[in-house]
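The structure appears below as structure tokens.
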Amino acid sequence: MAYKPQYGPGTSKVAENRRKQMNPSQKLEKMRDVTDEDIVLILGHRAPGAAYPTAHPPLAEQQEPDCPIRKIVTPTDGAKAGDRVRYIQFADSMFFAPCHPYQRTYTECYRFRGIDPGTLSGRQIVECRERDLEKYSKELVETELLDAARTGIRGATVHGHSLRLAENGMMFDMLQRSVLGEDGIVRYVKNQIGEPLDRAVAIGKPLDEKWLKAHTTIFHSLGGTPYRDDAEYIEYVQRIHSLRTKYGFMPKE
Amino acid sequence: MAKIERTQKLFLQALKEKFQGQDVQSETAEYYKFNGYHQSPRKEEFVKASRAVEMDRGISMYNPVRCHLGGIPLGQRQLMTYEVSGTGVFVEGDDLHFVNNSAMQQMWDDIRRTVIVNMDLAHQTLQKRLGKEVTPETINEYLHVLNHAMPGAAVVQEHMVETHPGLVDDCYVKVFTGDQELADDLEPQFVLDVEKLFPAKQAEALSAAVGKSLWQAIHIPTTVSRTCDGGTTSRWSAMQIGMSFIAAYRMCAGEAAVADLSYAAKHAGVIQMASHLPARRARGPNEPGGIMFGVFSDIIQANRKYPNDPAKASLEVVGAGTMLFDQIWLGSYMSGGVGFTQYATAAYTDNILDEFTYYGMDYAKDKYKVDWKNPSPGDKVKPTQEIVNDLATEVTLNAMEQYEQYPTMMEDHFGGSQRAGVIAAASGLTTSITTGNSNAGLNAWYLSMLLHKDGWSRLGFFGYDLQDQCGSANSLSMVSDRGLMGELRGPNYPNYAMNVGHQGEYAAIVGSSHYGRGDAFCYSPLVKVCFADPSLKFDFAEPRREFAKGAIREFMPAGERSLIIPAR
């Protein structure tokens, strides 16, 4: 029987949103246009137009060992070209940001290939070959996974995910990499590790509160979906825990 | 699970003090206008002190403007003070780093410089092998000699160097026994009187457990254990014990019987506070990584002072444990730097963990009729998986909801590791106190972690992925290599040496299972009695209060050096 992913339990809107983001057969809604060059600027790994630095020669030019796995797995474009591995890292506000660290990791694992995600409380990093990264980053930035005000692209000094929002609705960022203009547009004035950009990169307007609460993937009892109300979700976690506990006894059955 | 009403909110006072003039339930705040580090008097003091140091030594030092993130100093948000939980004392966060807090240093000094040594073995050698008479009078004389010798004075040989008493005034030896008749015959200055130090029920249990044996509670000089290490403690003490027996009982200094006394003092009769660690961690005995959680819960004495409040007793263990295991052990022995302090202090500041834990107490009383204010084994609930799940789930959900409803509290515990440790600790403490079973408490901890992770789609640092997600499976099994009683676990237990915000709480979960039952001790009656000593520099019944005193610079530690350095 072929494995059929369930994308997690739960009867609530939050659970449904989580499943939608994870499920690669569901198209993520595009919310904004950001050019390829602008993505490269925010990432800060190479200058726009510069060649991709490489970690090894293209696979076609080097002797590959006789390896059955290599025959099964098709390399990504970045791996084929020998790109170095670089990253994008996000901070997601607990005030109803659309995506959150573990959710990001699960979503990326279902949707992208050749990635190495890392999941913490205040940030989530994904690393992969550079040209793959730029392609994935575009999707992560342009779609409903990002809100211009409550999602931050932050390589270092990520502090902010759990803080109250600033009075203009922006998540706190000590380095103020992105700023909300008087025209209501959020612009990155520094790249993800805080180096000033030669020109600002616009990523559009913040999404409105109603949209965020309808699409968020975090349970929240203050104005959102209380975790307690999704009994199926709670029962699922309890069941996982109980089974793991039982497995500690190495049952024979 | 079903939410219960609790209106007290122990954290409110702290939040109102920290965020003065602000609505603590507001979701927005002002930022970027606080003038950086200048808002903190302590950091201003650091800058001033650093300038003086630089002028003196000619090497640059503390410079938050130039060196923090290329010119953006700390303090773009409000830098908060912290209330040390249960004390009402507000302190600067910086003053809770152990380098800046003499009470924290002394707590660890007092543990590391302590060994407990049995006297019965030595007395048998004296009586049976040497035919010496051992009486309360000879024991008193021996203790006079030992209290002369232990700090570093000569008792047998001529023309010896000795230590300055003013530098080693924290060093002494007392004795204790379960034989009250013998205790009454010894000079009170030397006796840890179990009947006087403990509530009657605890004293009775401790006396029965110690029995007629006589034990020495030895504290070598702080300066010695600092200059050397924890492994020195038993060696220093054994040398002085051997010499004192020779002097007090007029033995031949070289006779073979001395070897028996030495062996008893160095090996056979010694209780170390911590076992030595394997080579990859490379520490001797009496270093933090080897302290079993059961022993640590006995070192902390809050259940002696507050026998009817097992929650408070446990919270004191959390405070002491996170300080020692997170800030000193993981934060400095194993890692280095300052980050661990920020995580650890979350568990003993602003009464947040206190509130979550007392919610658990109210829930246990409401649902399971556990009279937690009158600890006894009689009303403990059988720790079935269903009940553990129920307790952990309710306490976790309540805690998450409190963070959600008080955004300033979320901002206070701005890191997921802080919140995860605190929420899981409240779940574990509640379950331990309710069931009287430490492993049930640990199991509750791990369910809390899983619930937390799924609810907010985040947990703590990377390592939480391993430690807290494999924990369910190792928390109840007792099969070798698959689990262990909580009392016998310690900071070096597999997978426990990874993350801040765990070990102190684990220790408290272990202790709370006994405090909830009204037990006199968790693992060792000897350790319990030893640290009940009012002469110790650090008061182990009130660790959080002591830390607060250290933070406001009112704690007087040992380790004096001004006698031997130039006057300033």
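The values are calculated or read from the model by the stated rules, or taken from the named source; none is laboratory data. A quick note: this is a predicted structure, and the numbers were derived from the prediction, not measured. Note that we place each Cβ from the backbone using ideal geometry, even for glycine, and neighbour counts take in every protein chain shown. The protein model used for the area step is the full one, side chains on, heavy atoms only, and it has no ligands, DNA or RNA in it. Shrake-Rupley method; radii C 1.70, N 1.55, O 1.52, S 1.80 Å.
Once fully extended, how much extra length lies between B:E137 and B:E45, figured as 0.36 nm per residue of separation less the alpha-carbon to alpha-carbon distance? Present the calculation step by step, with values, prior to reporting the outcome.
Values: separation 92, 0.36 × 92 = 33.12 nm, distance 5.57 nm.
Contour length minus the Cα-Cα distance gives 27.6 nm.
What part of the accessible area of region A:13-224, given as a whole %, is carbon or sulfur when the probe is 1.4 angstrom? Don't jump to the answer; show the numbers that get you there.
Working: 4590 of 8900 Å².
It is 52 percent, rounded to a whole number.
How big is the accessible area of B:M61 in square angstrom, nearest 10, if you roll a 1.4 angstrom probe over the protein chains?
About 90 Å², rounded to the nearest 10.
Counting helices only, and only those DSSP H runs with n ≥ 4, report the 222 nm mean residue ellipticity of the protein assembly as shown as the sum of -39,500 (n - 2.57) divided by its residues, in deg cm²/dmol to the nearest 500.
Working: 34 runs with 336 residues, N = 821.
Theoretical 222 nm ellipticity from helices: -12000 deg cm²/dmol.
Counting partner chain Cβ atoms within 10 Å of every residue's Cβ in A:113-121, what's the average? Present the calculation step by step, with values, prior to reporting the outcome.
Numbers: counts 0, 0, 0, 0, 0, 2, 8, 11, 16.
Going residue by residue through A:113-121 and averaging, the value is 4.
Heavy-atom accessible area of A:Y52 with all protein chains present, probe 1.4 Å, nearest 10 Å²?
Rounded to the nearest 10, the figure is 60 Å².
Can you work out the accessible area per residue across the protein assembly as shown, with the rest of the protein chains kept in place, probe 1.4 Å, in square angstrom? Intermediate values should be presented prior to the final figure.
Numbers: 33200 Å² over 821 residues.
Value for the protein assembly as shown: 40 Å² per residue.
How shielded is B:19-32 by partner chains, expressed as the average number of their Cβ atoms within 10 Å of its Cβ atoms? Before the final figure, lay out each step's value.
On the way: counts 1, 0, 0, 1, 0, 0, 1, 3, 7, 8, 6, 3, 12, 5.
What the average comes to for B:19-32 is 3.
How much accessible area does B:S275 have with a 1.4 Å probe, in Å² rounded to the nearest 10?
Surface open to solvent at B:S275 totals about 70 Å².
Order B:36-42, A:12-18 from most to least packed using the mean count of other Cβ atoms within 10 Å. Don't skip to the end; give the middle numbers.
On the way: B:36-42: 16.6, A:12-18: 20.7.
Peptide ranking by packing, descending: A:12-18, B:36-42.
Checking an interface number: how much accessible area is buried between A and B, summed over both chains, with a 1.4 Å probe, in Å² rounded to 100? Please list the in-between numbers first.
Numbers: alone 14500 and 23720 Å², together 33200 Å².
It comes to approximately 5000 Å² buried between A and B.
Can you send over the carbon and sulfur percentage of the accessible area for chain B, probe radius 1.4 Å, protein chains only? It would help to have the intermediate numbers written out before the result.
Details: 11250 of 21330 Å².
Ligands and nucleic acids excluded, carbon and sulfur give 53 percent.
Once region B:171-323 is represented by equal point scatterers at the alpha-carbon sites, with solvent omitted, what log10 I(q)/I(0) does the Debye formula produce at q = 0.11, 0.20 Å⁻¹?
Evaluating at q = 0.11, 0.20 Å⁻¹ gives log10 I(q)/I(0) of -0.56, -1.42.
What ranking of B:Y32, A:Y188 comes out by heavy-atom accessible area, probe 1.4 Å, highest first?
On the way: B:Y32 75, A:Y188 5 Å².
Output order, biggest surface exposure first: B:Y32, A:Y188.
With θ set to phi - 60° and the Karplus curve 6.51 cos²θ - 1.76 cosθ + 1.60, what are the ³J(HN,Hα) couplings of region A:147-160 in order, to the nearest whole Hz, using x for Gly and Pro?
Along region A:147-160, the couplings run 10, 4, 8, 10, 10, x, 9, 9, x, 9, 6, 8, 2, x Hz.
For labels at B:N374 and A:H56 in the simple 7 Å Cα→Cβ model, what's the distance in nm?
My value for the distance between the label points is 7.2 nm.
Let me know the charge dipole size of region A:95-232 about its Cα centre in debye, to the nearest 20, where only the beta-carbon of Lys, Arg (+1) and Asp, Glu (-1) is charged. It would help to have the intermediate numbers written out before the result.
Working: 19 positive and 21 negative charges, 34 e Å.
Charge dipole, region A:95-232, about its Cα centre: 160 debye, nearest 20.
With every protein chain kept in the model, how would you rank B:E17, B:E255 by accessible area, 1.4 Å probe, largest at the top?
B:E17, B:E255
From the residues A:T217, A:L140, A:I39, which one has its Cα farthest along the dipole of region A:13-224 in the positive direction, the dipole being from +1 and -1 charges on Cβ of Lys/Arg and Asp/Glu about the Cα centre?
Among A:T217, A:L140, A:I39, the one farthest towards the positive end of the dipole of region A:13-224 is A:T217.
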